[in-house]
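Student: Can you keep this structure in mind? I'll have questions shortly.
Bear in mind that the values in this text are calculations on the coordinates, not laboratory data. On a predicted model such as this, the values are computed, not experimentally measured, just so you know. So basically every Cβ, Gly included, is an ideal-geometry build from the backbone, and we count neighbours across all protein chains shown.
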Amino acid sequence: MLIKDIFATKKPVISFEIFPPKKDSPIETIYNTIEGLKDLKPDFISVTYGAGGSTTNRTVEIASLIKHKYGLEALAHLTCIAATKQEIEGILNSLKDNGIENILALRGDLPQDPDFKFPDPLHYQYAKDLILHIQSLGSFSVGAACYPEGHLECDDIEKDLSYLKQKVDTGVDFLITQLFFDNEIFYEFLDHMARARINVPVTAGIMPVLNRKQIERITSLCKASLTKKFIRIMERYEHNPEALKEAGIAYATEQIIDLLSWGVDGIHIYTMNRPEVTRKIVENMSTIRSVIST
Ligand code: FAD
């Protein structure tokens with residue numbers, strides 16, 4: 001099913017993100033993750049794409065497993081910065097051959113390689129260029145990324161918003177946000193989007209934080225601001241892994257309850273391939289969801 005049709009008929013849309021196992025781990029290790037998530041009945045599961053060839057084929061393979069072996073809808077991430085236009089064509093054919101109907105079209109992070117030349121005529125420069133290509137094929141529903149606190153490379157939130165508008169206007173059906181910990185920032189971002197006449201459904205990316213290392217990694221990779229409440233929790237429980245994990249789950253649950261009360265289009269949980277954590281969150285919110293959908 002096309003994800004744009006799910007958003008057209010359901011609110012909130014609940015989805016999960018998983019990532020492929022590293023290339024030296026057997027692909028079967030992902031079975032446990034999907035099996036642990038399957039009975040939570042997400043509207044779709046997305047599979048990340050490791051730029052640079054590390055796990056690229058695995059994204060197609062796992063998306064295909066989700067759809068055909070487990071009977072769930074799949075969203076395959078695809079980045080364009082590290083693959084030539086010709087390679088992209090090959091991946092799109094492979095997605096089509098595997099019956100995958102939904103793609104999260106991304107640029108990808110700029111390679112660290114000092115010899116990397118950008119822009120380069122063999123590659124797409126921005127996600128919007130990849131989106132144009134995908135939409136020209138006519139058979140996929142296309143999602144894209146958005147950043148409530150701005151993208152790392154862009155210091156001007158207004159510019160970021162105008163690029164987002166350009167991107168959406170090339171044919172984006174829905175947006176998934178970068179993770180955030182402060183819902184108020186997300187609500188302000190939605191107001192800015194409405195003013196910029198960006199009118200596609202936006203699903204909120206929520207990551208339960210389970211350990212200190214994870215937080216350090218997140219804050220080095222994206223602009224997510226930490227709330228005072230969040231920092232207090234981290235400081236209080238940082239030396240007690242079990243307590244920190246429970247507090248991280250509680251924080252994510254509270255964020256989601258607030259988002260659901262607000263009337264968000266969707267919730268996208270970054271599962272980190274930890275189905276037991278996602279299960280706890282979904283169980284925590286199941287009564288609220290049933291009230292919302294009645
Ligand atoms: P774009 O929308 O192309 O934007 C990139 C930058 O260029 C921004 O700073 C933007 O403001 C600027 N820009 C856009 N258009 C223009 C223009 N016309 N002129 C000048 N500047 C412009 N990465 C992976 O490698 N694999 C994944 O699976 C993956 N999944 C993700 C899922 C989500 C939900 C999110 C939020 C991110 C994900 N990423 C993933 C990370 C993403 O690839 C990076 O954040 C990347 O740096 C930007 O990708 P984009 O598609 O948002 O790029």
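Student: Can you tell which of Ala144, Ser162, Ile66 lies farthest toward the positive end of the dipole of segment 22-163, using +1 and -1 charges on the Cβ of basic and acidic side chains (Lys, Arg; Asp, Glu)?
Tutor: Going by the charge dipole, the pick is Ile66.
Student: Ranking Phe181, Phe16 by Cβ neighbours within 10 Å, fewest first, what do you get? Let's see the in-between values first.
Tutor: Working: Phe181 22, Phe16 25.
So the ranking, lowest neighbour count to highest, is Phe181, Phe16.
Student: Which percentage, to the nearest 5, of the DSSP beta bridges contained in the chain is antiparallel? Before the final figure, lay out each step's value.
Tutor: Numbers: 0 of 29 bridges.
Of those bridges, close to 0 percent are antiparallel.
Student: Still on this structure, I have one more. Going by how many other beta carbons lie within 10 Å of each one, how would you line up Thr227, Thr56, fewest first? Spell out each step's value before the answer.
Tutor: On the way: Thr227 16, Thr56 21.
Taking fewest neighbouring Cβ atoms as first place, the list is Thr227, Thr56.
Student: For the pair Asp156 and Arg279, how long in nm is the line joining their label points, each one 7 Å along Cα→Cβ?
Tutor: The two pseudo-label positions are separated by 5.0 nm.
Student: Pull up all non-local amide H partners of Leu75: gap of 5 or more, or a different chain, and H-to-H distance under 5 Å with H placed in the peptide plane.
Tutor: Residues meeting the amide H criterion: Ile45, Ser46, Val47.
Student: What's the exposure ranking of Cys80, Cys146, going from fewest to most Cβ atoms within 10 Å?
Tutor: Numbers: Cys80 26, Cys146 23.
Fewest-to-most Cβ neighbours within 10 Å comes out as Cys146, Cys80.
Student: While we're here: Out of Arg197, Arg279, Arg58, any idea which swings most in a Gaussian network model of the chain, alpha carbons joined below 10 Å?
Tutor: Residue with maximal mean-square fluctuation among Arg197, Arg279, Arg58: Arg197.
Student: For segment 140-152, in order, what is each residue's ³J(HN,Hα) by Karplus, 6.51 cos²θ - 1.76 cosθ + 1.60 with θ = phi - 60°, in whole Hz (x at glycine and Pro)?
Tutor: Whole-Hz 3J(HN,Hα) from phi for segment 140-152: 10, 8, 10, x, 8, 8, 9, 10, x, 9, x, 7, 3.
Student: Averaging sequence separations of C-alpha pairs under 8 Å and six or more residues apart, then dividing by the length of the chain, give the relative contact order as a whole percent.
Tutor: Working: 468 pairs, mean separation 57.6, N = 294.
Relative contact order here is 20 percent.
Student: Can I ask one more? Cut-off 19 Å, label point 7 angstrom out along Cα-to-Cβ of Asp113: give me the residues of segment 119-153 whose amide nitrogen falls inside.
Tutor: Residues 119-127 qualify, since their backbone N sits under 19 Å from the label point.
Student: Taking θ = phi - 60°, what integer Hz values does the Karplus form 6.51 cos²θ - 1.76 cosθ + 1.60 yield along segment 121-138, in sequence order, with x for Gly and Pro?
Tutor: x, 7, 10, 6, 8, 10, 4, 4, 5, 5, 4, 4, 4, 5, 5, 5, 7, x
Student: Step through the residues of segment 216-229 one at a time and calculate ³J(HN,Hα) from phi using the Karplus curve (6.51 cos²θ - 1.76 cosθ + 1.60, θ = phi - 60°), rounding each to whole Hz and writing x for Gly and Pro.
Tutor: 4, 5, 4, 5, 7, 9, 8, 8, 3, 6, 9, 6, 4, 4
Student: Treating only the Cβ of Lys, Arg, Asp and Glu as charged (+1, +1, -1, -1), what charge dipole size does segment 107-208 show about its Cα centre? Round to the nearest 20 debye. If you can, show how the numbers build up before the last one.
Tutor: Working: 8 positive and 17 negative charges, 101 e Å.
The calculated dipole for segment 107-208 is roughly 480 debye.
Student: Next question, about the same structure. If you put +1 on each Lys and Arg Cβ and -1 on each Asp and Glu Cβ, how big is the dipole of segment 3-292 around its Cα centre, in Debye rounded to 20? Before the final figure, lay out the partial values.
Tutor: Details: 33 positive and 40 negative charges, 87 e Å.
Approximately 420 debye in magnitude.
Student: Using a simple spin-label model with points 7 Å from Cα along the Cα→Cβ vector, what separation in nm is obtained for Ile257 and Lys229?
Tutor: My value for the distance between the label points is 1.0 nm.
Student: What is the Rg over Rh value, at two decimals, for the chain, using alpha-carbon atoms and the Kirkwood definition of Rh? Let's see the in-between values first.
Tutor: On the way: Rg = 18.5 Å, Rh = 19.7 Å.
Computed over Cα atoms, the ratio is 0.94.
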